[in-house]
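Colleague: Before I ask anything, here is the structure I am working with.
The values are calculated or read from the model by the stated rules, or taken from the named source; none is laboratory data. Small disclaimer: the values here were computed from a predicted structure and weren't measured. Neighbour counts run over all protein chains shown; Cβ positions are idealised from the backbone, glycine included.
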Amino acid sequence: MSLERRNIAKMQGYTPGEQPEARSTIKLNTNENPYPPSPNVAAALAALDIATLRRYPPPMANGFREAAAALHGVSAANIIPTNGGDELLRLAITTFADNGDCIAVTKPSYSLYPTLADVQQCRLEEILLNDDWSMPGDFLQKALAAQAKMIILVNPHAPSGNLLSIEYLAALARAFPGLLLIDEAYVNFVAPELEHDAVPLIHEFDNVLLLRTLSKGYSLAGLRFGYGIAAESVISPMLYKTRDSYNTDLIAQQLATAAIKDTDYARENWARVREQRQWLQQALAALGLPSAPSQSNFLLTTIPDATGAQSLYQTLKSRHILVRYFNQDRLRNRLRITIGSPAENQALIKALQEIL
Ligand SMILES: Cc1ncc(COP(=O)(O)O)c(C=O)c1O
């Protein structure tokens, strides 16, 4: 006899990208940063006094909140630290969407959203993107018609890398009566000349919640640290009511704080990733493999039918190069390729030249 709730028994869990043991694998499948974390993080770890682990950590991670507030020019009351960006998604859904409520997302999108909606027994309205991955003109109408309580948009979009403008997001926030969660997991890789900054939206709109993570931009996927930025009225219920009592641990708080205090170091890596993004996109295109324009640290690359995306994924895997294949509508003829280090990207191109 199953003891699970009925909806849990029926649902599929989230399938994470493969995490191979072998360090020699060229890992371009889960959008990790190819560069190491800041030396400040290493110094903070070396300076950690093990005796401090005897006690509980600061419950609200106020040291990190102050540092993040200074970085974004907001108040600490606008920040909630979480155990990875994923925890913020779960917190937001359990705080702002009731069982039976509708959550509107784009299709395709980050595959954890449907899983979290299932856990909370929410309805999911998946709204198809245009062929060029832009938003359909009737996105808002469809979300309203489905009586969505919440919209979750990933921007830059995953898995395409398409960027929605601040003007578009502001118009959506103005017209939508529910919570607009903008998942900015990859926002650090947006070209600085675009001057893309969604943070001011939180002062104008009390229904906008931004998700940030240290996993990608700060090379700390293994640490599990993310945070939300929003009006105090959005942050407070999560911070004081729905959050686990000590949702981020002491080591993570200290290392995450060290990382975001060294944005100069992180920015250099973002620039390197952008440079390599351009190089890789051109090198792939020269092999007849075009990619959607990307403002993220990955490319969504179209694979000709004669080669087959799934088969190419397998062949690359047999050569110890991992990329991401999604067996889903619109994605079956594509591979999502994380921007690696120059050596990794060159190895990928060399392998593709041999295979193709
Ligand atoms: C779109 C998107 N949002 C959020 C996350 C959450 O990242 P993390 O939980 O590592 O902070 C990811 C991670 O892959 C992602 O791709």
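Colleague: Being of a type outside the set (G, A, S) and either buried (at least 20 other Cβ atoms within 10 Å of the Cβ) or closer than 23 Å to N31 by Cα (or both) is the filter here; which residues of region 103-123 pass it?
Modeller: Answer for region 103-123, where residues must be of a type outside the set (G, A, S) and either buried (at least 20 other Cβ atoms within 10 Å of the Cβ) or closer than 23 Å to N31 by Cα (or both): I103, V105, T106, K107, P108, Y110, L112, Y113, P114, T115, L116, C122.
Colleague: Which of the numbered conditions does A42 fail, given that it passes all the others? Conditions: (1) under 30 Å from N345 (Cα atoms); (2) within 16 Å of the ligand (Cβ to nearest atom).
Modeller: (2)
Colleague: Here are some conditions: (1) aliphatic (A, V, I, L, M); (2) within 21 Å of V105 (Cβ to Cβ); (3) surrounded by fewer than 21 Cβ atoms within 10 Å (Cβ to Cβ); (4) in contact with a His (Cβ under 8 Å, 6 or more places away or on another chain). V187 meets all but one. Which one does it not meet?
Modeller: Failing condition for V187: (3).
Colleague: Here's another thing I want to ask about it. Do we have E125 as in contact with a Lys or Arg (Cβ under 9 Å, 6 or more places away or on another chain), assigned by TED's automatic domain parsing to the domain that holds N188, within 27 Å of A221 (Cα to Cα) and modelled with pLDDT of 95 or more here?
Modeller: Answer is no for this residue.
Colleague: Report, by residue number, each residue of region 327-356 that is of a type in the set (A, V, I, L, M, F, W, C) and modelled with pLDDT under 95.
Modeller: Within region 327-356, just L356 meets the criteria.
Colleague: I've got another one for you. When you go through (1) farther than 25 Å from G85 by Cβ; (2) surrounded by 15 or more Cβ atoms within 10 Å (Cβ to Cβ); (3) of a type in the set (D, E, K, R) one by one for K27, which number turns out not to apply?
Modeller: K27 satisfies every listed condition except (1).
Colleague: Anything in region 273-286 that is out of contact with any strand residue (DSSP E or B) (no Cβ under 8 Å at 6 or more places or on another chain) and exposed (fewer than 14 other Cβ atoms within 10 Å of the Cβ)? List them, or say none.
Modeller: Matches in region 273-286: E275, Q278, Q282, A286.
Colleague: Given (1) more than 16 Å from the ligand (Cβ to nearest atom); (2) outside any loop (DSSP other than H, G, I, E, B); (3) closer than 28 Å to A221 by Cβ, identify the lone condition not met by L144.
Modeller: With (1) more than 16 Å from the ligand (Cβ to nearest atom); (2) outside any loop (DSSP other than H, G, I, E, B); (3) closer than 28 Å to A221 by Cβ applied to L144, the lone miss is (3).
Colleague: Can you name the residue in region 88-113 that is part of a loop (DSSP other than H, G, I, E, B) and touching a Leu at 6+ places or on another chain (Cβ under 9 Å) and, of all such residues, is nearest to the ligand (Cβ to nearest atom)?
Modeller: Residue satisfying both the conditions and the ranking: Y110.
Colleague: Among the residues of region 303-334, count how many are under 23 Å from the mean Cα position of the chain (by Cα) and surrounded by fewer than 16 Cβ atoms within 10 Å (Cβ to Cβ).
Modeller: Count: 5.
Colleague: What number goes with the only condition from (1) under 22 Å from the mean Cα position of the chain (by Cα); (2) closer than 22 Å to T242 by Cα; (3) among the charged types (D, E, K, R) that D98 does not pass?
Modeller: Evaluating D98 over (1) under 22 Å from the mean Cα position of the chain (by Cα); (2) closer than 22 Å to T242 by Cα; (3) among the charged types (D, E, K, R) leaves (1) as the failure.
Colleague: In the set S219, S233, which member is of a type in the set (S, T, N, Q) and free of Cβ contacts under 8 Å to residues at least 40 places away in the same chain?
Modeller: S233
Colleague: Exactly one of these conditions fails for Y240: (1) in the same structural domain as E184 (by TED's automatic domain parsing); (2) buried (at least 22 other Cβ atoms within 10 Å of the Cβ). Give me its number.
Modeller: (2)
Colleague: Now for a separate question. Can you confirm whether region 226-246 contains a residue that is farther than 18 Å from A92 by Cα, in contact with a Gly (Cβ under 9 Å, 6 or more places away or on another chain) and of a type outside the set (S, T, Y)?
Modeller: No - not one qualifying residue is present in region 226-246.
Colleague: Right, next: Would you mind finding the one in G161, G85, G137 that is on the phi < 0 side of the Ramachandran plot, of a type in the set (G, A, S) and within 15 Å of the ligand (Cβ to nearest atom)?
Modeller: Result of the check over G161, G85, G137: G85.
Colleague: Scan region 187-215 and report the pairs whose first residue is more than 15 Å from I166 (Cα to Cα) and whose second residue is within 16 Å of the ligand (Cβ to nearest atom) and among the hydroxyl-bearing types (S, T, Y), with Cβ atoms within less than 6 Å and a gap of 6+ or a chain change.
Modeller: Listed pairs, sorted by first residue: F189/S296; R212/Y227.
Colleague: Among the residues that make up region 159-171, is at least one of them over 28 Å from L129 (Cα atoms), in contact with a Ser or Thr (Cβ under 6 Å, 6 or more places away or on another chain), surrounded by 16 or more Cβ atoms within 10 Å (Cβ to Cβ) and at pLDDT 95 or above?
Modeller: Taking every residue of region 159-171 in turn, none turns out to be over 28 Å from L129 (Cα atoms), in contact with a Ser or Thr (Cβ under 6 Å, 6 or more places away or on another chain), surrounded by 16 or more Cβ atoms within 10 Å (Cβ to Cβ) and at pLDDT 95 or above.
Colleague: Would you mind listing the strands (runs of 3 or more DSSP E) fully within region 177-232 where at least 2 residues are more than 29 Å from G340 (Cα to Cα) and more than 12 Å from the ligand (Cβ to nearest atom)?
Modeller: In region 177-232, the matching strands (runs of 3 or more DSSP E) lie at 179-183, 208-213.
Colleague: Can you name every residue in region 128-144 that is small (G, A, S) and closer than 14 Å to G161 by Cα?
Modeller: The one that is small (G, A, S) and closer than 14 Å to G161 by Cα: S134.
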